[in-house]
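Participant: The following block contains the structure, expressed as structure tokens.
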Amino acid sequence: MLVSIFGNSIDFVDASIVNVALPTIQLDLAGPLSAVQWLSSVCLLALASLVVGGGVLSDRLGTITNP
């Protein structure tokens, strides 16, 4: 449970960092705001999938060590 809470908090912190950096990313890539927002969504989706994968892994390993 604590690992899941930690993973979700890391996801929230990453979302905050990416949102603060969006104007700089837009200037560096010289693209429209909509493209930069897609980049933010992809980044958050990748991190969220790692949280889900970590939960599945902890379920499987938890049942092996605690029968």
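The values are calculated or read from the model by the stated rules, or taken from the named source; none is laboratory data. The structure presented is a predicted model; accordingly, all values stated were derived computationally and were not measured. Using ideal geometry, Cβ is built from the backbone for each residue, glycine included, and neighbour counts are taken over all protein chains shown.
Participant: Could you check the stretch 1-41 and list, in sequence order, the residues that are exposed (fewer than 13 other Cβ atoms within 10 Å of the Cβ) and not in a helix (DSSP H, G or I)?
Facilitator: 1, 30, 32
Participant: So, residue 50, is that one of a type in the set (A, V, I, L, M), part of a helix (DSSP H, G or I) and free of Cβ contacts under 8 Å to residues at least 40 places away in the same chain or not?
Facilitator: So residue 50 does not fit the description; no.
Participant: Can you spot a residue in the stretch 27-43 that is touching a residue at least 12 places away in the same chain (Cβ under 8 Å) and within 30 Å of residue 62 (Cα to Cα)?
Facilitator: Yes, there is a match, as at least one residue in the stretch 27-43 is touching a residue at least 12 places away in the same chain (Cβ under 8 Å) and within 30 Å of residue 62 (Cα to Cα).
Participant: Which one is nearest to residue 2 (Cα to Cα), of the residues in the stretch 26-67 that are β-branched (Val, Ile, Thr) and at pLDDT below 85?
Facilitator: That would be 51.
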